[in-house]
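Before any comments, here is the structure.
The values are calculated or read from the model by the stated rules, or taken from the named source; none is laboratory data. Quantities reported herein were computed from a predicted structural model and do not represent experimental measurements. We place every Cβ from the backbone using ideal geometry, glycine too, and count neighbours over all the protein chains shown. All accessible areas refer to the heavy atoms of the entire protein, side chains included, with ligands and DNA or RNA removed. Shrake-Rupley method; radii C 1.70, N 1.55, O 1.52, S 1.80 Å.
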Amino acid sequence: PTQDSGFPGPGAALALYVVLAVALTWPLAACMGTRLPAGDNDLWQNYWNFWWWEEAIVSRGQLPYHTDLMYQPGEVSLAFHTHSEANIVLTFPALLLFGVPAALNLATLLGFILAGWGGYFLAREVVRDRRAAFLGGIVLAFFPQHFEQSLEHLNLASYQAIPFFLFFLLRLARRGGWANVTLTAVFFAYDSLLSWHDGILALPAAALLLAWELGRAARPRL
């Protein structure tokens, strides 16, 4: 299909992804400040990350990339620790106002919503059909492995920047423009600050997408 009109538009798609995310992760939204996902290992590392960032920045007035809470006496570097900085920064107001569970749960919920919305924009750019794009966003956001990762590995479950990065990269390849250059760079940085694993994984996907686009451009148009 080449028609890009009708329902759902971007705003309606976002609203529907919010409804789906709340419904499919229920009762997460009902107990944002009192309960956590059902993980029992790395979940607590992510919990500590949120707590430590507030403790370091607000209480101690320092950067959270070193701590004296381990290996006493002295400090240990956290430069290569998995922080998922973008998740913490974006939910920092919730962290300050409502505590760690609310911030962690909000980051988890946003991961589903924004992955769906990013998938919608990317698929719509490729197929030019809003209904197909909406279904593509559902597939990207709500497949089983995403739910499994959201129980333990917030950083790996937070891949919502990848479809936005690929969307603006595809627009850059097709249309050029400094706005697309900037947005491609911003979403790659956002992706890498959510999880450096996903930042690395986005690069081969980007290479394949560019190769496909260059090959498509070289073919005669019917």
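Exactly one residue out of Leu16, Leu20, Leu24 is closer than 21 Å to Val139 by Cα, touching a residue at least 24 places away in the same chain (Cβ under 8 Å) and open to solvent by 70 Å² or more (accessible area, probe 1.4 Å), and it is Leu24. Close Cβ contacts (under 6 Å, 6 or more residues apart or on different chains) running from residues in the range 70-89 that are loosely packed, with under 15 Cβ neighbours inside 10 Å to residues that are of a type in the set (Asp, Glu) comprise Glu75/Asp68. Before we move on, is Ala207 surrounded by 14 or more Cβ atoms within 10 Å (Cβ to Cβ), among the aliphatic types (A, V, I, L, M) and assigned to a helix (DSSP H, G or I)? It is false that Ala207 is surrounded by 14 or more Cβ atoms within 10 Å (Cβ to Cβ), among the aliphatic types (A, V, I, L, M) and assigned to a helix (DSSP H, G or I). In the range 80-108, which residues are assigned to a helix (DSSP H, G or I) and under 18 Å from Asp191 (Cα atoms)? Residues satisfying the conditions are Glu85, Ala86, Asn87, Ile88, Val89, Leu90, Phe92, Leu104, Leu106, Ala107, Thr108. Counting only residues that are of a type in the set (Gly, Ala, Ser) and surrounded by 14 or more Cβ atoms within 10 Å (Cβ to Cβ), the range 27-44 holds 3 of them.
Test Gln145 against the criterion of being at pLDDT below 95 and open to solvent by 70 Å² or more (accessible area, probe 1.4 Å), and give yes or no. For Gln145, the condition - at pLDDT below 95 and open to solvent by 70 Å² or more (accessible area, probe 1.4 Å) - is met.
Pick out the one residue from Phe188, Phe168, Phe121, Phe112 that is under 16 Å from Leu209 (Cα atoms) and in contact with a Leu (Cβ under 8 Å, 6 or more places away or on another chain).
Only one candidate passes the filter, namely Phe168.
A residue that is hydrophobic (A, V, I, L, M, F, W, C), assigned to a loop (DSSP other than H, G, I, E, B) and within 24 Å of Gly199 (Cβ to Cβ) occurs somewhere in the range 65-79.
For the range 189-204, the set of residues classified as in a helix (DSSP H, G or I) and of a type in the set (S, T, N, Q) consists of Ser192 only. Applying the criterion of being touching a residue at least 12 places away in the same chain (Cβ under 8 Å) and open to solvent by 50 Å² or more (accessible area, probe 1.4 Å) to the residues of the range 148-162, the residue that is farthest from Ala173 (Cα to Cα) is Leu151.
Considering only the range 45-64, state which residues are exposed (fewer than 14 other Cβ atoms within 10 Å of the Cβ), touching a helix residue (DSSP H, G or I) at 6+ places or on another chain (Cβ under 8 Å) and not in a loop (DSSP other than H, G, I, E, B). Val58, the sole residue that qualifies. Determine if the range 35-49 includes at least one residue that is under 19 Å from Leu90 (Cα atoms) and aromatic (Phe, Trp, Tyr). Checked the range 35-49: at least one residue is under 19 Å from Leu90 (Cα atoms) and aromatic (Phe, Trp, Tyr).
Here Ala94 passes the criteria (1) open to solvent by less than 30 Å² (accessible area, probe 1.4 Å); (2) free of Cβ contacts under 8 Å to residues at least 24 places away in the same chain; (3) within 23 Å of Gly11 (Cβ to Cβ) except the one numbered (3).
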